[in-house]
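No lab work stands behind these numbers, since they all come straight from the coordinates. Note that the structure is a prediction, hence the values are computed from the model and not measured. Every residue, glycine as well, gets a Cβ built from its backbone with ideal geometry; the counts of neighbours run over all protein chains shown.
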Amino acid sequence: MAAGTHEVEHHTSLGVDNRKLLMWIFLASECLFFGTLISTYLIFKGQSLVGPFPEDVLDIPLTSLSTFVLLMSSLTMVLAVYGAQHGRLGMMKAMLLATILLGLVFLGFQVYEFRHFGHLGLNLTTNQFGASFFVATGFHGLHVGVGVLYLISLLFGSMRRNGLGSERALWVDTAGLYWHFVDIVWIVIFTVVYLIPH
Amino acid sequence: MEHEALAHHEEHPPTTIRQYVLIGVILAVITLIELWLSYSGLPDGVMIAGLLGFSAIKFIIVVALFMHLRFDSQLFTRLFVFGLALAAVLLISLISLFAFDHRDSRTVTAAAPTTPPAAHGEAPATGGEGEDTEGATVRDQPVAEFFAANCAACHGQNREGVVGPALTPARLTQPDEFYFETIRDGRSGTAMPPWGGQLDEQDINALVTFIKTVEP
């Protein structure tokens, strides 16, 4: 892995790398996906006839902690991108691993929360709150899970003899875009579902 | 360790590690402020405006600096803002379509055919007969009979819940007004039709008392 690694850079008529463009188009479409889920949650807000109601089950301090975990994973992710861009591979791998672990902790919180709500009698079919809550936060959790797999694949890739190859910075950067997007979706969900009074 | 010659001819965001960490700290502090706001007991309007404002700031910081849109091609920014704008339009239209629609005509035609359409203008002289639920009537019918004829299709003959939720005293924990409004205005987004056109206040009150106090 020596100099001259950038000969392979893609030249496109738009002047931007088409893989990165693909990720941004995908994220733009994801705005609509989560926009729909959040709209549904807001439309059903206060419409549930039977409990458990949001105020009976939501645990704001606990979720604040998991929100903090996800926020910190964004920081470790951006540091992994930094490492990849500046050729600091040790830092890149360590920060990728940290991001994966923080993502798993977030998912752990979510699994705990879902099970806890289940014990309190709230599930997907209990009422409008249950339906819209589990669908919105569940799809977000699914995205975190996909992100974790995405990052694990990068981490394994970086441990091969050639590492992630000459386009390392691009691969990690693109994964970072996805990861940060999942974080900003949670910023919105946390505010709309948890913090705004019921 | 390879400090390749990448660095200078690649467009890295100019942010340093120290700045990234600082941004992370700022985001954490904003989250703490939001948490405080949600417990602050401020008026709902102020609180909601504050919460939305702070999360918008966090959103912008992450997109501009962590996703480095600020230093990247304008094309990405335009694409993403386009997606966000579409999502905002979607959110506003869906909410205005449903949230302010208390008389959803589809639900009326779908779920209300059991109500006799006649006698709409007849004087509802049924009130005042019985305060106790046993003697209470709805449109001159005993409450239980009215329920069996008009509500049981969705809520079950024993109010155990079918399409609509179960309506038993143990499950109905909201104040009376909530159920009063539900019967009068219906529930948008569900099959529950508004009954305000067919039932007067006393009828609805009799129904509320019935479902909240009489065990099936």
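For A:PHE33 and A:ILE60, the difference between the fully extended length at 0.36 nm per residue and the C-alpha to C-alpha distance is 7.2 nm. For the stretch B:7-84, what class follows from the C-alpha gyration tensor (a ≥ b ≥ c being the square roots of its eigenvalues): rounded when a/c is under 1.5, otherwise prolate if a/b is larger than b/c, else oblate? Verdict is oblate for the stretch B:7-84. Shielding value for A:37-44 is 5, the average number of Cβ atoms from other chains within 10 Å of each residue's Cβ. Across peptide B:169-178, the average count of Cβ atoms from other chains found within 10 Å of a residue's Cβ is 2. Each pair of Cα atoms in the stretch B:21-62 enters the Kirkwood radius, and Stokes-Einstein at 4 °C and 1.567 mPa s then converts it into a translational diffusion coefficient of 123 µm²/s. Ignoring lysines fewer than eight residues from B:LYS212 along the same chain, the ones with Cα atoms less than 30 angstrom from its Cα are A:LYS45.
Contact order, relative form, for chain A: 32 percent (alpha carbon pairs under 8 Å, 6 or more residues apart, mean separation divided by residue count). Is the shape of the stretch A:1-132 rounded, prolate or oblate, going by the alpha carbon gyration tensor and its root eigenvalues a ≥ b ≥ c, with a/c under 1.5 for rounded and a/b larger than b/c for prolate? The shape class here is oblate.
Among rounded, prolate and oblate, which fits the stretch B:140-216 when a ≥ b ≥ c are the square roots of the eigenvalues of its C-alpha gyration tensor, a/c under 1.5 means rounded, and a/b larger than b/c means prolate? Intermediate values should be presented prior to the final figure.
Working: a/c = 1.17, a/b = 1.08, b/c = 1.08.
Since a/c stays below 1.5, the shape of the stretch B:140-216 is classed as rounded.
Across peptide A:63-70, the average count of Cβ atoms from other chains found within 10 Å of a residue's Cβ is 2. Computed from phi, the 3J(HN,Hα) profile of the stretch A:170-187 under the Karplus parametrisation 6.51, -1.76, 1.60 (θ = phi - 60°) reads 5, 4, 5, 4, 5, 4, x, 4, 4, 4, 5, 4, 4, 5, 5, 4, 5, 4 Hz, with x in place of Gly and Pro.
Distance between the modelled labels on A:THR12 and B:ARG78, one decimal in nanometres: 1.4 nm (7 Å Cα→Cβ projection). Each stretch of four or more DSSP H residues adds -39500 (n - 2.57); spread over every residue of chain A, this sum gives -25000 deg cm²/dmol at 222 nm. The 3J(HN,Hα) values that the Karplus relation (6.51, -1.76, 1.60; θ = phi - 60°) gives for the stretch A:108-122 are, in residue order, x, 4, 5, 4, 4, 4, 4, 5, 4, 4, x, 5, 7, x, 9 Hz. Gly and Pro appear as x. Between the stretch A:152-197 and the stretch B:29-48, how far is it from one alpha carbon centroid to the other, in angstrom? Centre-to-centre distance over Cα atoms comes out at 29 Å. Would you mind working out the magnitude of the charge dipole of the protein assembly as shown relative to its Cα centre, with +1 at each Lys and Arg C-beta and -1 at each Asp and Glu C-beta, to the nearest 20 Debye? Here the protein assembly as shown has a charge dipole of around 1800 debye.
Please rank B:ASP44, B:ASP185, fewest neighbouring Cβ atoms within 10 Å first, as an exposure proxy. Mind dumping the intermediate values first?
Values: B:ASP44 9, B:ASP185 17.
The order, fewest Cβ neighbours first, is B:ASP44, B:ASP185.
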